[in-house]
Amino acid sequence: MGKIAFLFPGQGSQTVGMGKSLADGSAAVQSVFDQADKALNSKLSKLIFEGPQEELTLTYNAQPALLTASIAALEYFKQFGIAADFVAGHSLGEYTALVAAGAFRFEEAVYAVRKRGEFMEAAVPNGEGSMAAILGLEREVLAAITDRITATGHPVQLANLNCPGQIVISGSKTGVELASEAAREAGAKRAIQLEVSGPFHSVLMKPAAEQLKAVIDGMIVNNPNIPVIANVTAEPIVSAEEIKDKLVEQLYAPVLWEDSIKKMVELGVDTFIEVGPGRVLSGLVKKIDRSAQIFSVADEDSCKAAAEALEGEKR
């Protein structure tokens with residue numbers, strides 16, 4: 001029997017109303033939203049359920065909101081008795097994966113990602129940093145371009161290695177513009193400017209990483225119950241100490257998503273379940289490994305459908 005991995009989405013998957021139908025029908029799910037409100041001393045659940053979308057999309061709201069909605073979906077899905085052999089999350093989603101693996105208490109994680117969002121927003125003045133998705137270029141070619149441009153004093157680097165032919169670059173506004181132009185000249189199909197509030201996963205996030213370190217150092221971190229595949233290394237992390245280091249590094253290092261999925265396949269995973277809002281990660285897995293079995297669970301119907309399809313996989 002193949003192994004199962006749970007995947008947790010990152011920023012960009014947030015939508016107004018996520019998790020509401022589950023909370024309405026389940027006291028256990030509603031309690032997840034209540035805990036988030038209490039941990040942040042704010043009405044995060046009201047913002048998640050009612051919006052407005054513009055406010056929900058702000059980094060310091062989107063991050064705790066997505067973590068909460070994803071853990072709420074996991075709480076609901078638990079009743080079907082399907083367990084994960086590995087967990088991983090894309091950027092912010094790594095915190096959700098760590099909660100799912102028992103490394104963090106949910107309330108502490110919600111507080112940490114609210115702070116993470118605030119530090120990320122404040123690290124680079126608005127308009128000075130940027131990110132772009134480069135489609136159809138090999139990572140080695142793109143890395144050579146970003147290195148060349150960084151050497152001219154305009155920092156830019158690979159930020160998210162999402163799947164074959166889709167790499168996000170991040171850095172100063174000028175660095176990203178120059179690298180996008182050079183990528184097109186080198187044969188990239190497209191370079192798409194992303195609507196983000198800062199240059200995430202770039203060296204410009206180092207000030208935010210310093211502040212985040214103080215928050216993470218103050219948290220109770222346990223060794224995870226199941227291996228978590230780290231964004232920074234695409235390898236399993238199994239110790240509390242390593243978790244702390246990798247989360248700080250993650251703010252300014254690339255997210256090795258394609259490598260992470262390939263690593264799990266190598267370790268015997270043939271079924272990936274995206275837990276939480278959206279289907280972004282499911283789409284990426286399809287492009288990385290066409291033979292994988294993929295499910296997205298975010299509401300009652302999708303949870304039941306996945307559970308029925310995996311009926312024989314319970315343990």
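How large is Rg/Rh for the stretch 129-196, to two decimals, with Cα atoms and a Kirkwood Rh?
0.91
Find the relative contact order for the chain and round it to a whole percent, using C-alpha pairs within less than 8 Å whose residues are 6+ positions apart.
Answer for the chain is 24 percent.
Excluding Ser130 itself, calculate the net charge of residues whose Cβ lies under 15 Å from the Cβ of Ser130, where each Lys or Arg counts +1 and each Asp or Glu counts -1.
Here the count lands on -4.
Want the number for Lys173 to Ala186: 0.36 nm per residue separation, take away the alpha-carbon distance, what's left?
Answer, rounded to one decimal: 2.7 nm.
Once you have all Cα-Cα distances for the stretch 219-298, histogram them in 10 Å bins from zero and send the whole-percent values.
Distribution as computed: 17, 43, 35, 4 percent.
Going by Cα centres, the stretch 183-251 and the stretch 1-66 are how many Å apart?
Taking the Cα centre of each part, the stretch 183-251 and the stretch 1-66 sit 21 Å apart.
Can you give the extra length, in nm with one decimal, that the chain gains between Leu194 and Lys206 once fully stretched, where that is 0.36 nm per residue apart less the Cα-Cα distance?
Gain on extension, Leu194 to Lys206, equals 2.3 nm.
What ranking do 131-139, 253-261, 172-180 get when scored by the average of other Cβ atoms within 10 Å per residue, highest first?
Result, highest mean Cβ count within 10 Å first: 253-261, 172-180, 131-139.
Treat the count of other C-beta atoms within 10 Å as a stand-in for reagent exposure and order Leu40, Leu281 from fewest to most.
Leu40, Leu281
What translational D, rounded to a whole number of µm²/s, comes out for the chain from Stokes-Einstein when the hydrodynamic radius is the Kirkwood one over Cα pairs, at 25 °C and 0.890 mPa s?
125 µm²/s
Suppose R0 equals 35 Å; then what is the FRET efficiency for Glu50 and Glu128 from their Cβ-Cβ distance, rounded to the nearest 0.05?
0.60
Which whole-number percentage describes the relative contact order of the stretch 67-223, with Cα contacts under 8 Å and a sequence gap of 6 or more?
This gives 27 percent for the stretch 67-223.
Please build a GNM for the chain, connecting alpha carbons under 10 Å apart, and tell me which residue among Gln79, Gln193, Gln250 fluctuates the most.
Gln79
Work out how far the C-alpha atoms of the stretch 76-142 reach from end to end along every principal axis, then list the three figures in whole Å, largest first.
Taking the Cα atoms of the stretch 76-142, the three principal extents are 44, 32, 18 Å.
Springs between alpha-carbon pairs under 10 angstrom, Gaussian network model over the chain: which of Leu158, Leu67, Leu22 fluctuates most?
Result: Leu22 has the largest fluctuation of those listed.
By how many nm would the segment from Ser239 to Phe80 grow when fully extended, if each residue of separation counts as 0.36 nm and the alpha-carbon distance is taken off?
Full-extension gain reported as 54.4 nm.
Straight-line reach from Lys304: which aspartates and glutamates have Cα under 15 Å away, leaving out those fewer than 8 places along the same chain?
Answer for Lys304, where 15 Å is the Cα cut-off: Glu75, Glu274, Glu313, listed by chain and number.
Angle, helix 106-123 long axis vs. longest principal axis of the chain, Cα atoms, 0 to 90°, nearest 10?
20 degrees
Work through the residues other than Ser239 whose Cβ is under 13 Å from its Cβ and net out their charges, Lys, Arg +1 and Asp, Glu -1.
With Lys, Arg at +1 and Asp, Glu at -1, the net is -2.
Taking 4 °C and 1.567 mPa s as the conditions, I'd like the Stokes-Einstein D for the stretch 1-145 in µm²/s, using the Kirkwood hydrodynamic radius from alpha carbon pairs.
79 µm²/s
In what order do Thr152, Thr271, Thr233 fall by count of nearby beta-carbon atoms within 10 Å, going from fewest to most?
Lowest to highest Cβ neighbour count: Thr152, Thr233, Thr271.
Below 8 Å, C-alpha to C-alpha, sequence gap of six or more: please give me the relative contact order for the stretch 1-73 in percent.
Relative contact order of the stretch 1-73: 44 percent.
Every number here is computed from the coordinates shown, using simple stated rules; none is lab data. Keep in mind that this is a model prediction, so the values were computed, not measured. Reconstructed Cβ throughout: ideal geometry from the backbone, glycine too, with neighbour counts over all protein chains shown.
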